[in-house]
Amino acid sequence: MSNSSLRLVLVEPSEETRFQSLMQAHHYLGSLRKIGNTLWYVAVLKDEWVALLSFSAAALKCAARDQWIGWPYRHQSDRLNLVANNSRFLILPDHHQANLASQILSQCKHRLQKDRQEGFGFPLLLIETFVDPERYHGTIYRASNWHLVGKTKGFRRTREGYSQRTSSPKLVFVQPLQRNTRKILSQPLLHKRYKTGKTRMKLTATQMFSLFDYFQTIDDPRRAQGKKHHMPVILSLAVAAILCGMRGYKDISIWVQSLGQKARSRFRCRKRNGLYEVPSLSVIRAALINIKPAQLDEALSHWNAQYGQIDESLAIDGKIMCGAMDEDGRQTHIMSAIGHQSGHCYTQKKSVN
């Protein structure tokens with residue numbers, strides 16, 4: 001079979017029902033909903049569908065992939081959009097032909113970058129996939145020069161976060177789409193052509209857990225009656241949400257409400273009827289409005305200093321303070337020196353112009 005006789009095409013909206021029905025009927029994992037940055041393809045041979053493929057968002061966590069890339073933990077959150085997951089690959093019955101799978105994957109490699117850019121507005125640098133070794137050996141990926149980078153730990157995603165018990169670990173294969181993919185994804189500063197949104201920060205379990213201790217020194221202005229959540233818990237949740245890119249009380253509350261039970265336990269949230277509870281929007285807003293700013297700043301400075309030793313470079317950032325003017329109408333400017341790796345603000349200088 002020649003390459004010219006095989007075509008890889010995007011699934012049209014009118015074809016999605018047929019695509020899902022075939023996937024549900026013939027793939028051992030069944031169909032997969034089209035969520036977020038998902039692309040569906042069909043391989044067509046002589047006007048007949050011979051294979052189905054789905055490329056969706058990358059896995060949030062995969063130690064084998066992350067070690068192969070070599071990116072620091074804090075970089076993963078805002079660079080995962082540059083990675084796609086080959087979440088489904090199905091050769092339809094009666095169409096298992098020699099070299100068919102390799103030809104399809106080869107065409108995917110050339111099409112995906114263009115379609116991803118046109119469809120979602122940002123490029124693609126890496127494809128990943130997971131293979132169950134109890135069913136398959138990943139032969140088609142090996143034959144297509146994908147890299148076997150290790151195995152998963154066997155945990156699977158659930159509505160509450162991740163399963164408590166491990167199941168069968170999966171083989172992890174990756175396919176870089178550029179020669180310098182690993183260098184681009186792991187470098188401290190990402191080139192502007194690959195940036196897909198505002199910078200976000202991810203916190204480790206240790207960093208989340210330690211926030212509570214530093215906020216215990218802050219005075220709680222609330223009355224003793226009716227307190228459901230400790231002030232250090234509320235502040236820890238709010239600060240973590242802001243560090244992860246949230247802006248405004250509503251965004252902070254949405255982020256807090258989305259936390260799974262394991263994350264809530266690390267923030268030392270209140271436990272009731274076997275479940276950890278988080279504060280509401282009104283509770284978070286009231287806490288942030290009424291605490292003393294100087295105490296919060298001091299506590300955050302001490303917390304940041306704990307992780308400052310990991311910084312390899314500093315960023316200088318200037319801000320104009322809206323509405324902050326002296327008696328002569330001069331605007332207040334703040335210049336800050338911030339560590340790239342830790343996010344720690346080492347010093348600030350105020351000037352009036």
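The values are calculated or read from the model by the stated rules, or taken from the named source; none is laboratory data. Given the structure is predicted, the values throughout are model-derived calculations rather than measurements. Here Cβ is always computed from backbone atoms with ideal geometry, including for glycine, and neighbour counts include all displayed protein chains.
Descriptive notes on the structure:
- Subset of the stretch 51-101 that is of a type in the set (Asp, Glu) and at pLDDT below 90 - its residue that is nearest to VAL172 (Cα to Cα): ASP78
- Qualifying residue in the stretch 38-51 (condition: crowded, with 20+ Cβ neighbours inside 10 Å, of a type in the set (D, E, K, R), in contact with a helix residue (DSSP H, G or I) (Cβ under 9 Å, 6 or more places away or on another chain) and touching a residue at least 40 places away in the same chain (Cβ under 8 Å)): no
- Residue identified as touching a residue at least 12 places away in the same chain (Cβ under 8 Å), loosely packed, with under 14 Cβ neighbours inside 10 Å and small (Gly, Ala, Ser) among SER5, SER21, SER87: SER5
- Every residue from the stretch 6-42 that is touching a Cys at 6+ places or on another chain (Cβ under 9 Å) and among the hydrophobic types (A, V, I, L, M, F, W, C): LEU8
- From the list GLY30, GLY36, the one residue that fits, being of a type in the set (Gly, Ala, Ser) and within 30 Å of CYS244 (Cβ to Cβ), is GLY36.
- For beta carbons closer than 6 Å, sequence separation of 6+ or different chains, a first residue in the stretch 94-118 that is of a type in the set (Ser, Thr, Tyr) and a second that is not in a helix (DSSP H, G or I), the qualifying pairs are SER102/SER144.
- Any strands (runs of 3 or more DSSP E) falling wholly within the stretch 264-339 and containing at least 3 residues that are small (Gly, Ala, Ser) and at pLDDT below 85: 314-325, 331-339
- Criterion (in contact (Cβ under 8 Å) with a residue 40 or more places away in the chain, within 22 Å of HIS75 (Cα to Cα) and not acidic (Asp, Glu)) met by exactly one of LEU259, LEU243: LEU243
- Residue pairs meeting the criteria (Cβ under 7 Å; at least 6 apart or on separate chains; first under 16 Å from GLY248 (Cβ atoms), in the stretch 277-289; second of a type in the set (Lys, Arg)): LEU281/LYS250
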